[in-house]
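J.: Let me give you the structure first, and then I'll get to my questions.
The values are calculated or read from the model by the stated rules, or taken from the named source; none is laboratory data. These numbers were taken from a predicted model, which means no experiment stands behind them. Note: ideal-geometry Cβ built from the backbone for every residue, glycine included; neighbour counts use all protein chains shown. These area figures cover heavy atoms from the full protein model, side chains too; ligands, DNA and RNA do not enter into them. Shrake-Rupley method; radii C 1.70, N 1.55, O 1.52, S 1.80 Å.
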Amino acid sequence: MYVSGNRSVASTQHTPATYTAHVTSVPKQVAAEPKNLNPAVAKPPPPPAKWLTSGDIGEFRQDLQAEVQRFSGLSIKGAELFPENFIDKIQASESVRLSDNIKGELDREYNAVRFYIGKYPDMNVMSFFMNKTGEVTEVFDLNDGPDAATLAQISAAGGLRPEALGKLGFNQDDVAAAGARNRERKERLASLQVDSVDRLPSSYMYGGNEKNTATVLQGDARIIRPGGSTEGLYTFDAGPCSIVVAVASDVNGQVTQVGMAHVDASTPRQSLSMFLNQTRGAAATLNVHVISGETETALRVHDSIRLSGATIKFADIDPDGSRGDAVVVDKRGKVFYGYRMGLASINEQELKVMALSRQMPNAPLYLRGLP
């Protein structure tokens, strides 16, 4: 929304000699060396590659030495690892779409089979480098190192032979468990894409105005009551963020409280759970609308809702994070969709404080009630 969420995507091109098991240091760019004008004087040998320590690459989830032992010195025939029909297809076209979110590609320059998993900017790239005899000599992953979940995903899409994964250090139990987690993740995402924002009434049908409507900023959460003076809550520019609208009702179906949260990638589950619990209060039921949200943010929202015992009443997320949604909810719990000029009321000082807070990881929601 206001805080940039841009993330750089590492280049998928690299020279295999630069990396050993994907954890050797990357040399800085230097000027070309002058030619040796005296052949009789041998040039000194290049310094050995410097191994990075686990402290240098603290973002890697797996232990450095285990990575080195597992993925260095591979000697696997491509015919053993890749299905024959896949190799035929990829050599013919240089690019094969295995499923909606997995693409296989042949990189002739680096003699590698490369898989692109997911969608930009949350794309995972896994490369299998081969020598001239067709042996896989290195497995390189741009994110956290090859893991069972990623390999199982490629295998399920037809890019790897399941029985050959043991040669990469994973047994069938690892892969089966990872495949189950992938399927469960896919089901959770599907449950958040069952509705369409086109079904919601237009924000111009909302009866409030700028003076009696509170604006919910990125990382903000507000709660109102039907008897209060605030008529509704409005938020906008939720591209990769998720908009969560929670409506609490008593045993007679009467609305007791209405809450709205603008959840971003920094929002921890505990903070969102606190918002849902405070919106519920002592009410009998809590119904939730989930609108917008890229994949990881949406899954975090789903986890919090499930743990809180709330019911998802409406869900239409935006896995690509490209839509830019706007939502308004009135104090009786009716949800409206779309931008509405002049409805937002923004305090500049408040905006600066909010922007600074969102630059920290695990920044909690700024939760407050309104009259």
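J.: Around T285, which amide H atoms from residues at least 5 apart in sequence, or from another chain, sit under 5 Å from its own amide H, with H modelled in the peptide plane?
T.: Placed amide hydrogens put S249 under 5 Å from T285.
J.: Is the range 167-252 rounded, prolate or oblate when judged by the Cα gyration tensor, a ≥ b ≥ c being the square roots of its eigenvalues, rounded requiring a/c under 1.5 and prolate requiring a/b larger than b/c?
T.: Details: a/c = 2.97, a/b = 2.72, b/c = 1.09.
Prolate, since a/c reaches 1.5 and a/b exceeds b/c.
J.: Further question on the same structure: Using θ = phi - 60° and the Karplus curve 6.51 cos²θ - 1.76 cosθ + 1.60, what whole-Hz ³J(HN,Hα) does each residue of the range 257-263 get, with Gly and Pro shown as x?
T.: Result, rounded to whole Hz: 8, 10, x, 9, 10, 10, 9.
J.: Ordered by packing density, taken as the mean number of other Cβ atoms within 10 Å over each peptide's residues, highest first, how do 279-289, 76-86, 237-247 rank?
T.: Values: 279-289: 18.1, 76-86: 16.3, 237-247: 25.2.
Per-residue Cβ counts within 10 Å, averaged per peptide and sorted highest first, yield 237-247, 279-289, 76-86.
J.: Does the range 209-274 come out rounded, prolate or oblate, given a ≥ b ≥ c as the square roots of the eigenvalues of its C-alpha gyration tensor, rounded meaning a/c under 1.5 and, failing that, prolate meaning a/b above b/c?
T.: On the way: a/c = 2.57, a/b = 1.33, b/c = 1.94.
Here the range 209-274 falls in the oblate category.
J.: If you don't mind, another one. How would the range 170-212 be classified by its alpha-carbon gyration tensor: rounded, prolate or oblate, with rounded meaning a/c under 1.5 and the a/b versus b/c comparison settling the rest?
T.: On the way: a/c = 9.50, a/b = 3.94, b/c = 2.41.
It is prolate, given that a/c is not under 1.5 and a/b is the larger ratio.
J.: Roughly speaking, what is the centre-to-centre gap between the range 322-345 and the range 203-233 when only Cα atoms are used, to the nearest Å?
T.: Centre-to-centre (Cα) distance: 9 Å.
J.: Once you list every other residue whose beta carbon is under 13 Å from the beta carbon of R108, what net charge do they have if Lys and Arg are +1 and Asp and Glu are -1? Present the calculation step by step, with values, prior to reporting the outcome.
T.: Details: positive: R114, K132; negative: E94, E105, D107, E109.
Value of the local net charge: -2.
J.: List every residue whose amide H lies under 5 Å from the amide H of G324, counting only residues 5 or more places away in sequence or on a different chain, with H placed 1.01 Å from N in the peptide plane.
T.: Under 5 Å from the amide H of G324 lie the amide H atoms of G239, each far enough along the sequence or on another chain.
J.: Related question: To the nearest 10 Å², what's M123's accessible area with a 1.4 Å probe?
T.: 60
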